[in-house]
Amino acid sequence: MDCITLFFSDVRLRLEGDVPEVLDALRIVWSLAEHPVIESQRDHRMAVVRRGAGIEVHVDGVVLESCEDPSHALALAERALYHQLHTWHAAELLLHAASFQLDGRACVLLGASGSGKSGLCREAVRGGALYMTDELTVTDGARLWGIPRAIQFDAIPASSVPPEWLGGADVETYRLLDPEGSPCVVPLVPAAETPPAPGPSPAAEACLFELSRGERDQATPLHSIEALAAVHRAALSPVGIDLGALVGAGRCSKLTWATPDGAVSAIRRAIRDC
């Protein structure tokens with residue numbers, strides 16, 4: 001069997017299988033997780049294997065997902081992996097948030113789907129930021145780190161021409177079927193564009209930004225109570241830790257943005273002023 005070793009927080013995952021196209025895609029999507037962000041303390045195993053004409057996904061020897069149509073194998077494997085990520089982070093807080101280190105500070109981007117987290121994360125990295133994650137930020141109350149994957153954007157029809165702003169994105173690797181059964185592709189930002197941050201950041205020094213689209217690029221102060229509410233909205237698991245350090249006064253902003261470069265400039269100004 002082909003095999004990949006990936007690191008998700010303190011988990012070392014051996015990912016293996018006999019479905020090469022799925023393992024190859026997962027290797028590209030998760031290549032930034034091939035080196036640990038924090039020290040590994042747990043080992044788990046996941047396998048994507050053929051069973052007759054179908055596919056099974058095993059986690060630690062238990063069948064977690066299965067399907068009869070091999071064209072769904074990649075989506076099936078990713079669904080199983082995300083399920084496990086929630087399980088493995090039960091003691092921390094898993095956030096649907098992008099994050100990066102810019103000018104020595106961890107920056108966390110909060111907002112609903114479509115608010116621009118992935119696009120602004122890519123723009124920040126292009127400007128010299130160190131990538132943490134475009135989707136899954138983790139905190140234990142004292143530290144903050146990301147689960148790094150290739151930056152992803154919303155799926156587009158496989159036969160379409162990618163929009164100009166997706167220039168340079170990989171539109172070949174992550175192919176799957178949409179809910180209607182039509183072929184589509186998830187654009188990925190190549191790992192070479194996204195130098196990873198070396199390790200976790202102090203939560204007490206992080207700057208939080210709640211995103212919304214607007215007609216100008218500006219960051220205005222956000223009260224700690226409002227920031228705490230935004231963190232709760234982004235939580236992918238029950239909040240069972242003290243978030244006081246993360247939402248400290250003077251480090252939370254409402255970021256209204258119109259252009260990616262203007263938004264990153266506004267983030268830099270907010271970091272400088274906090």
Exercise for the section: Find all pairs meeting these conditions: Cβ atoms under 9 angstrom apart; at least six residues apart or on different chains; first residue within the stretch 229-256 and over 15 Å from K117 (Cβ atoms); second residue loosely packed, with under 12 Cβ neighbours inside 10 Å. Expected result: S237/A90; P238/A90; G240/A90; G240/A91; I241/A91; V247/I225; G250/D273
Handout entry: C121 being assigned to a helix (DSSP H, G or I) and modelled with pLDDT of 95 or more
Key = yes
Fill in the blank from the handout: Of A203, A192, the only residue that is closer than 28 Å to L32 by Cβ, loosely packed, with under 14 Cβ neighbours inside 10 Å and under 21 Å from the mean Cα position of the chain (by Cα) is A192
Exercise for the section: Please indicate, with yes or no, whether at least one residue in the stretch 233-245 is assigned to a helix (DSSP H, G or I), closer than 14 Å to V108 by Cβ and not β-branched (V, I, T). Expected result: yes
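The values are calculated or read from the model by the stated rules, or taken from the named source; none is laboratory data. What you are looking at is a predicted structure, and each value in this text was computed from that prediction instead of being measured. Quick reminder, even Gly has a Cβ in these numbers, built from the backbone with ideal geometry, and neighbours come from all protein chains shown.
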